1. Residue check: is residue 273 of a type outside the set (D, E, K, R), in contact with a Phe, Trp or Tyr (Cβ under 8 Å, 6 or more places away or on another chain) and in a helix (DSSP H, G or I)?
2. Return a yes/no flag: does the range 91-105 have any residue that is on the phi > 0 side of the Ramachandran plot, at pLDDT below 95 and of a type outside the set (Phe, Trp, Tyr).
3. Quick check, is residue 243 open to solvent by 50 Å² or more (accessible area, probe 1.4 Å) and on the phi < 0 side of the Ramachandran plot?
4. Mind counting the residues in the range 97-115 that are assigned to a helix (DSSP H, G or I) and open to solvent by 60 Å² or more (accessible area, probe 1.4 Å)?
5. Counting just the residues of the range 124-151 that are out of contact with any Gly (no Cβ under 7 Å at 6 or more places or on another chain) and of a type in the set (Gly, Ala, Ser), which one comes out nearest to residue 221 (Cα to Cα)?
6. Give me the pairs, please: first residue somewhere in the range 208-231 and at pLDDT below 70, second residue anywhere and of a type in the set (Ser, Thr, Tyr) and surrounded by 11 or more Cβ atoms within 10 Å (Cβ to Cβ), beta-carbon distance under 7 Å, and either six or more positions apart or on two chains.
7. Looking only at the range 33-51, filter to residues that are under 20 Å from the mean Cα position of the chain (by Cα) and among the β-branched types (Val, Ile, Thr); which one of those is surrounded by the fewest Cβ atoms within 10 Å (Cβ to Cβ)?
8. In the range 60-86, which residues are of a type in the set (Gly, Ala, Ser), more than 28 Å from residue 270 (Cα to Cα) and modelled with pLDDT under 70?
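The values are calculated or read from the model by the stated rules, or taken from the named source; none is laboratory data. Predicted model, so just to flag it, every value in this text is computed and none were measured. Methodologically, a virtual Cβ is constructed for each residue, glycine included, from the backbone with ideal geometry; neighbour enumeration extends over all protein chains shown. Note: accessible area is taken over every heavy atom of the protein model, side chains too, but ligands, DNA and RNA are not part of it. Shrake-Rupley method; radii C 1.70, N 1.55, O 1.52, S 1.80 Å.
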Amino acid sequence: MHPAPSVILFTTLSGLGFGLLVFLGLGLPAVTGTVAFVFYAIAYALAVGGLLASTFHLGRPERAWRALTQWKTSWLSREGVCAVAALIVMGIYAIGAVFADSHWTLLGWTGAGLSLATVFTTSMIYTQLKAIPRWHMGLTPAVFLSFSLAGGALLAGAEDLAPWLLAIAGAVQLAYWAKGDRALETSGTNLGTATGLGDRGSVRAFEPPHTGSNYLLREFVHVVGRKHAQKLRIIAFALGFALPLLLILTPVQGFVIKHLFAALAVLSHLAGVAVSRWLFFAQAEHVVGLYYGKR
């Protein structure tokens, strides 16, 4: 699929923002007053900024609120409901931390759970799509959740948890790429199953369905060269996991240097995740590509 910048921004920023809200809800770090305000400002800027970015690719953004009414059947609607609930609950929790120097534990845990649920529902929007075998597997939610928690731990300054979560997220990413590369082939979907003529023998296209481009080719068929994809994967893994892990594990002296390394780790992780997200969409092999000889 053709990666829309708004979708990449949405999945990258919102995942990081809600990941930070998870840790803040759990009391990590247990900050109050002005320091707490800074942490919550960052979390809300990322989470809300990501959600707003997701409306840019809608034909009628002013009608986005209607998606909330379909929560019984739509993962997109469930994502919206969870996001609104998480932001409201964590907003109340933030008021206690910033203005009352208090941590209302039950409210914080509830907000953390809703924040994590928001990331999960986002992942299920893509996981449910059987027409894209690379997304239609259990590792897709694992990627979204592990990325969110690793980024949240980095932003929260959870020094004990961040290295482990980064290592887990990196391992999940490698497993996702390995399994995803075989997803279309192992799904059993081909031109024969797509046309229903497979039981009559080998099926091939006599001629292309169209002489020029069309909506399906523009939106659902995007081919990334293998060498190009491998280079981008190396960049994504190095920036998203290896470099941040190196930065936070390097022993440094001094308050300023320590926080500088932490900031660089966050920025590196953000850049790596953005590259990974681009690949996530660019390498999505929609089965409609079979009709055009693109798969």
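1. Here the answer is yes, as residue 273 does meet what is asked.
2. So in the range 91-105, the residues on the phi > 0 side of the Ramachandran plot come out as 101.
Applying the additional criterion that residues be at pLDDT below 95 yields 101.
This time we only want the ones that are of a type outside the set (Phe, Trp, Tyr), so: 101.
Within the range 91-105, one or more residues are on the phi > 0 side of the Ramachandran plot, at pLDDT below 95 and of a type outside the set (Phe, Trp, Tyr).
3. Details: open to solvent by 50 Å² or more (accessible area, probe 1.4 Å): yes; on the phi < 0 side of the Ramachandran plot: yes.
Judged against the criteria, residue 243 is a match.
4. Looking only at that region, the number is 5.
5. Looking at the filtered set, the residue picked out is 131.
6. Every condition considered, the pairs that remain are 208/292; 209/291; 209/292; 217/292.
7. 48
8. Within the range 60-86, just 67 meets the criteria.
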